[in-house]
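*Asks:* One structure, pasted below without further comment.
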Amino acid sequence: MLKLSDVSVRYGMYEALSDISLTVEKGELVVLLGANGAGKSTIFRTISGLNKPVKGTVEFNGESIGGRSASKLVKKGIGHCPEGRKLFPAMSVYENLRMGTYAVRGDKKETARMLEHVYDLFPILREKAKENAGSLSGGQQQMLAIGRALMSRPKVVLFDEPSIGLAPLITEQVFDVIQEINKEGTTVLLAEQNANAALRIADRGYVIENGRIVVSGTQDELMQNDEVRKAYIGA
Amino acid sequence: MDVLLQQLFNGLTVGSVYSLVALGLTLVYGILHIPNFAHGALYMVGGYITLMSMALMGVPYFIGIAISIVVVGSLAMLMERLVFNPLRHAPPIHDKIAAIGILLFLETLVQLVWGADYRAMPTPFADTVSFLGITVTWQRIMIIVAAVVVMVLLQLFLKKTMVGAAIVAMSQNREGAFLVGINANKVAMLTFFVSGALAAIAASIASPINLVYPGMGHLVILKAFVIIIIGGMGSVPGAIIGGYILGLTESLGATFISAAYSDLIAFVLLVVILTMKPQGLFAQKGAH
Amino acid sequence: MLIETKGLTKRFGGLVAVNDVEIGIEKGKITAIIGPNGAGKSTLFNLISGYHPSSEGSITFKGEDITKKRSFNIAKLGIARTFQTTNLFETATVMDNVIVGHRLRTKSNVFDAVFRTPRLRREERASRAKAAEVLEFVGLEHEAHRLVQDISQEAKKRVAFALALATDPEIVFLDEPAAGINPDETENLAALIRKMIDRGLTVCLIEHKMQMIMGLADHIVVLNYGKKIAEGTPEEIQTNEEVIEAYLGGGDKHAEAE
Amino acid sequence: MQGLKKMRMPLIFLLVALLFPLFTDNQYYIYVVTLAFIYAIAVYGMNLVGGYTGQLSLAHAGFFAIGAYALGLLTVDANVPYWLAFVLALVITTVIGTLVGLIALRTKEHFFAIYTLCVGYIIYLIIYEWDALTGGVRGLIGIESPAAIGPITFDTGISNYYLILVFLVLTVIFMKFLTESIVGRTYVAIRNSEELAQTIGINTMKQKLISFVISTFLAGLAGALYASFVRFIGPDISYTMMTFDFLMYAIVGGFGTLFGPVVGTLLIVILTQSLQFMEDFRMIIFGPLLVLLVIFYPRGIVGGYQMWKMKRAYKKKQRSVDQGSTYEGGD
């Protein structure tokens, strides 16, 4: 459903991604592993239209989408829960979620249904619906960011390092929800530094190093693979 | 007592106008982080369009205001497209200089077309009314009512509609706004339109009690800057509250200190505040 | 120890970015500070270089307490740093960018400048000579008269190094020197860092490129959630369970697989 | 030799300036050029703090007016001897500049611009309203011409022209020595990045203050010269529009360049004065020009010329170093 072929992205002279090819099938949960600065976020930003590839194609449901603007791609069904959450801090939890439906606004019933769904996934958000996003704890903010990405009823969601700065217990909770979202039929692409926790819930994965894919494989294959460790701690 | 009441009322009138101008300025600042020095020129053009629609086309006051809203709103939008959008990656000094360029151009253009004379704007609200021992013109009452209505409408627009909320969202987190599908260009244009419209309304309701002339925006814009610095750059409630605080302080100052120096109050306030808190009273919350 | 921190803590509002960190940087060695995103590495740099005031704790440089000193005074003591983004003056030449690096070792004022006093002439010569020297050191003597905007990203990093070196530092803090640099260029930068050590400097760096770190650093400090969780040689770090967990995450299945 | 070649253009320019009065009998032309020289000195002030140090100060018409009014009041009302009044006017401007700078420079970027804009307006308002001291809207009339220095008198247009040219040349030399020294480089480092400047050991607050104070000094100097040249001053000279004029001269000539202010000022002042209708409506053209310049050509005339020369020199050098290899720079 999502397919990158030989995608390269440059920031000036610096090649942030070189010849990335990867596929995500419908209903899968695929994880991108790699250390900071390896290029995971750049892949996500390219898929969701924030960066333009200099080379290669990005296909979504068979349609080429490389270079389209982010606002169009949200409408097509690509949800992006970004690194650093990027919430609207002075808006309430409810307002943040409502903004999540911006691209598909209009259908009040669907919006209400999604809102209920997000509240069911994260009961704490229902409790804090009227509080400002900026006043939430780190974990709650992450939940809100995930919830906001879901509000546009995406076909595929990109989760960019949702575990950053979260205590292990909260991380586990967040990953459980991501798994649940996937089981409900949403395709998930997850970028993580937290390799083991991410692999636990993934079907397949890619290991990124220096803007290249160095290994790919199924959950089990990657768990046994030394390249994973090497990509992270150079061992 | 009567004098005090009268001055409080005048303060509300003046404050209403200040608030409207400051609102437009603060919205633009929130979105693009531009201190739009040309905003005062939009205010001035707004006054002229209303006046000239009435004088040349013979339309009624409110139709004149409507024309002014559309014209000035579009002019502001054009400014965003032609000037500020191309400059969004330039060093911060450039957009300020460009804004000054626009200001100089609009002022001279108006002067060239309509002359440098001071003109009075006719109003259907010229009659006076007495209550609580003070006498005021209906125009002043209209100013307060109109400003409150506009502010309530604006607040509803920003809070209740998705398109309005997009403006607020973008001012709080640009990238977050992109990711929920907000089109940055459209929102920037919309924001400028709203900002221009607010300036047009403010000028149109204030002109019957002041006068219309090419330099009429100078003081207003400076004070609007003071207001948004006091109220927090980019903050909507800050602009409203700040506007009224300044309006009331000025009219009381004019009565009890000195009429000649009442204009100075705003700037002294600013100097005092920035001297103590160089980042302004309310440094903007949240990331951008 | 050239630099030591004790109980160093920095709070931003409710967030504790650096929490009770105690590190020592040994003279003439390469110390690397690593950790997952948001671990507090850059904040630690900002505290040591005086860019942020610390909330608690102390920093000493050669036994002198520098906790409360401001950044420009810290630079004068011989502590230099670079930033993640190079921050250079893009429309000036490489040389012009670097000359000002020696300004802190000069005393000339406006009076000297306007009357071209002997002191000014002497100090200008010294600044120019210093700039030429450090540009040669970083291997950019041939690019000295090009505009910064015309040179490669890697060369810009070298200019940033040169600028830091022009301040005559004893220790240089490098914030992600290899970020935004292609892999083959990374090797060259690593060689340059080793060369700095050979000249008697001390280096402390933040870096995410682990292969570079593991081959370069003498001593590694690992931060996670603002706390120091481990330190030691690269070999020790690579086998440290807590580090592995911080980076790879603690998965139950992983424990089984082991 | 190398230095002489580098200074060829400015020297030709100086020669033309020296000979100019000999070739025209038209007092009006001399008057206009003299005025441009005066403004150019003030523009150098704005250029130093704005173009070099990167702090856009919008209060400079205020300091110009303080210099002018200080001289006017001291000579007309207090009967202080001219050159003593001249020095005192500069001292007064500089002291006020220091006080303003101490506070204003605590703010950054937008805040600094807005703050100084307001300071400028306060100065205007005080001049306008403080009738008893400044004469309010009527202004000050009958300010003396500069007093004779020994046998040299300054009671004609031409003598004033040369006096002011001397001050302008001194200003340019001053700026040249300052900005091309390591002291001036400090300012540019601050403009580029205050953060970086601090980490290379520069006390940015102190350096910003020094450059701000010098810039107010230059504005005051121009103001004092203006007062005794035009011999009538009104509150208008302190108005924001005057600051914007100065800013425009600087941008057109080249903000942050040595000769930008004099080129920009002369060009625009002479252009507007020679096209009569442009006197009042010059901003119809210069407003959009200002916008176009910052969008497409922010370096101005002099900056653009320098960039072109620099690239050409580099190309030449490359060619002589390794024949055949092509230059792949540029943007």
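The values are calculated or read from the model by the stated rules, or taken from the named source; none is laboratory data. Given the structure is predicted, the values throughout are model-derived calculations rather than measurements. Here the Cβ positions follow ideal geometry from the backbone for every residue, glycine too, while neighbour counts run over all protein chains shown. Ligands, DNA and RNA are excluded from the accessible area calculation, which covers all protein heavy atoms including side chains. Shrake-Rupley method; radii C 1.70, N 1.55, O 1.52, S 1.80 Å.
*Asks:* Report, ordered by chain and residue number, the aspartates and glutamates lying within cross-link reach of B:K96, taken as a straight Cα distance under 16 Å and ignoring same-chain residues fewer than 8 apart.
*Replies:* List returned: B:E80, D:E109, D:D245.
*Asks:* Also: Find the all-direction average of the projected area of the Cα convex hull for region D:258-315, expressing the result in square nanometres with one decimal place.
*Replies:* If you wrap the Cα atoms of region D:258-315 in a convex hull and average its projections, you get 4.6 nm².
*Asks:* Now for a different question. Ranking request for peptides B:65-71, D:68-74, D:129-135, D:198-204: highest mean number of other beta-carbon atoms within 10 Å first, then the rest in descending order. Can you show the working numbers first?
*Replies:* Details: B:65-71: 20.3, D:68-74: 27.0, D:129-135: 15.4, D:198-204: 23.6.
For the peptides B:65-71, D:68-74, D:129-135, D:198-204, the packing ranking is D:68-74, D:198-204, B:65-71, D:129-135.
*Asks:* Going Cα to Cα from D:K316, which lysines come in below 20 Å? Please leave out same-chain ones fewer than 8 positions away.
*Replies:* D:K5, D:K6
*Asks:* Taking 2.2 N^0.38 Å as the expected size of a compact globular protein, what ratio does the Cα radius of gyration of region C:1-106 give against it, to two decimals? All intermediate terms of the calculation are to be shown ahead of the outcome.
*Replies:* On the way: Rg = 15.2 Å, N = 106, 2.2 N^0.38 = 12.9 Å.
Here the answer is 1.17, to two decimals.
*Asks:* What ranking, highest mean first, results for peptides B:250-259, D:287-296 when packing means the other Cβ atoms within 10 Å averaged over each residue? Intermediate results must be reported in sequence, preceding the final value.
*Replies:* Working: B:250-259: 16.5, D:287-296: 20.3.
Ranked by mean Cβ neighbours within 10 Å, highest first: D:287-296, B:250-259.
*Asks:* Kindly flag which residue pairs out of A:K52/D:K108; C:K156/D:K317; A:K52/B:K186; C:K10/D:K208; A:K26/A:K130; A:K230/C:K195 have an alpha-carbon separation exceeding 32 Å in this structure.
*Replies:* Values: A:K52/D:K108 34 Å; C:K156/D:K317 21 Å; A:K52/B:K186 20 Å; C:K10/D:K208 29 Å; A:K26/A:K130 35 Å; A:K230/C:K195 26 Å.
From A:K52/D:K108; C:K156/D:K317; A:K52/B:K186; C:K10/D:K208; A:K26/A:K130; A:K230/C:K195, over 32 Å: A:K52/D:K108; A:K26/A:K130.
*Asks:* Just from the alpha-carbon atoms, what are the Rg and Dmax of chain B in angstroms?
*Replies:* 18.6, 57
*Asks:* Give the average, rounded to an integer, of partner chain Cβ atoms located within 10 angstrom of each Cβ in D:103-110.
*Replies:* Details: counts 6, 4, 1, 6, 7, 3, 5, 11.
That works out to 5 on average.
*Asks:* A further question follows. Kindly point out which whole DSSP H helices in chain C project their C-alpha atoms 27 angstrom or further along the helix axis while averaging a Kyte-Doolittle hydropathy of 1.0 or above.
*Replies:* Helices passing the filter in chain C: none found.
*Asks:* Hey, another quick one. Can you count the Lys pairs in region C:17-121 with C-alpha separation below 24 Å, eight or more apart or on different chains?
*Replies:* Lysine pairs, 8 or more places apart or on different chains, close enough: 17.
*Asks:* Continuing with the same structure: Just from its helices, what would the mean residue ellipticity at 222 nm be for chain D, if runs of 4 or more DSSP H residues each count -39500 (n - 2.57) and the sum is divided by every residue, rounded to the nearest 500 deg cm²/dmol?
*Replies:* Rounded to the nearest 500, the figure is -24000 deg cm²/dmol.
*Asks:* Between C:R125 and B:Q155, with labels modelled 7 Å along Cα→Cβ, what's the label distance in nm to one decimal, could you check?
*Replies:* The modelled label-to-label distance comes out at 7.2 nm.
*Asks:* For chain B, what is the mean residue ellipticity at 222 nm derived from helices alone (per DSSP H run of n ≥ 4: -39500 (n - 2.57); sum divided by total residues; nearest 500 deg cm²/dmol)?
*Replies:* Value at 222 nm, helices only, nearest 500: -24500 deg cm²/dmol.
*Asks:* Hey, another quick one. Computed from the mean reciprocal separation of all distinct C-alpha pairs, what Kirkwood hydrodynamic radius does chain C have, in Å?
*Replies:* Across chain C, the inverse of the average 1/r is 19.4 Å.
*Asks:* Rounded to the nearest 5, what % of the DSSP beta bridges within the protein assembly as shown are antiparallel ones?
*Replies:* Of all bridge pairs located within the protein assembly as shown, approximately 60 percent are antiparallel.
*Asks:* Then there's this: How do the peptides B:28-36, D:28-36 rank, highest first, by the average count of neighbouring beta carbon atoms within 10 Å per residue?
*Replies:* Working: B:28-36: 24.6, D:28-36: 18.2.
Order by mean packing, descending: B:28-36, D:28-36.
*Asks:* Now for a separate question. Between the DSSP loop rule and a limit of at most 10 other Cβ atoms within 10 Å, which chymotrypsin sites (Phe, Trp or Tyr not before Pro) in region C:102-206 are left?
*Replies:* none
*Asks:* Also: Quote the FRET efficiency, to the nearest 0.05, computed for C:E4 versus D:I141 with a Förster distance R0 of 60 Å and r equal to the Cβ-Cβ distance.
*Replies:* For R0 = 60 Å, the calculated efficiency reads 0.25.
*Asks:* Quick one: putting +1 on the C-beta of Lys and Arg, -1 on the C-beta of Asp and Glu, what dipole do you get for region D:124-196 around its Cα centre, in Debye to the nearest 20?
*Replies:* 240
*Asks:* Treat chain D as a sphere of radius equal to its Kirkwood radius over Cα pairs and apply Stokes-Einstein at 4 °C in a medium of 1.567 mPa s; give the translational diffusion coefficient in µm²/s, rounded to a whole number. Let's see the in-between values first.
*Replies:* Working: Rh = 20.8 Å.
D, rounded to a whole number, is 62 µm²/s.
*Asks:* Rounded to the nearest 0.05, what FRET efficiency is calculated for C:T60 and B:K277 with R0 set to 35 Å and r the Cβ-Cβ distance?
*Replies:* Approximately 0.60, to the nearest 0.05.
*Asks:* Which whole number gives the average count of other chain Cβ atoms within 10 Å of the Cβ atoms across peptide C:102-112?
*Replies:* Mean inter-chain Cβ contacts per residue within 10 Å come to 4.
*Asks:* Further, regarding this structure: In µm²/s, what is D for the protein assembly as shown at 4 °C and 1.567 mPa s, where D = kT/(6 pi eta Rh) by Stokes-Einstein and Rh is the Kirkwood radius from Cα pairs? Kindly include the intermediate steps, with their values, before the conclusion.
*Replies:* Working: Rh = 32.3 Å.
My calculation gives 40 µm²/s for D.
*Asks:* Another question about this same structure. Only bridges whose two residues both fall in region A:115-230 count here: according to DSSP, what percent of them are antiparallel, nearest 5?
*Replies:* Counting only bridges with both partners in region A:115-230, antiparallel ones make up about 55 percent.
*Asks:* In whole percent, and with a 1.4 Å probe on the protein chains, what portion of the accessible area of the protein assembly as shown is carbon and sulfur?
*Replies:* Ligands and nucleic acids excluded, carbon and sulfur give 59 percent.
*Asks:* Over the Cα atoms of region C:136-258, what is the Rg over Rh ratio if Rh follows Kirkwood?
*Replies:* We get a ratio of 1.06 for region C:136-258.
*Asks:* Over the Cα atoms of region B:109-232, each weighted equally, I'd like the Debye log10 I(q)/I(0) at q = 0.10, 0.12, 0.20 Å⁻¹, rounded to two decimals.
*Replies:* -0.47, -0.66, -1.21
*Asks:* Across the residues of A:34-40, average count of Cβ atoms on other protein chains within 10 Å?
*Replies:* Across the residues of A:34-40, the mean count of other-chain Cβ atoms within 10 Å is 5.
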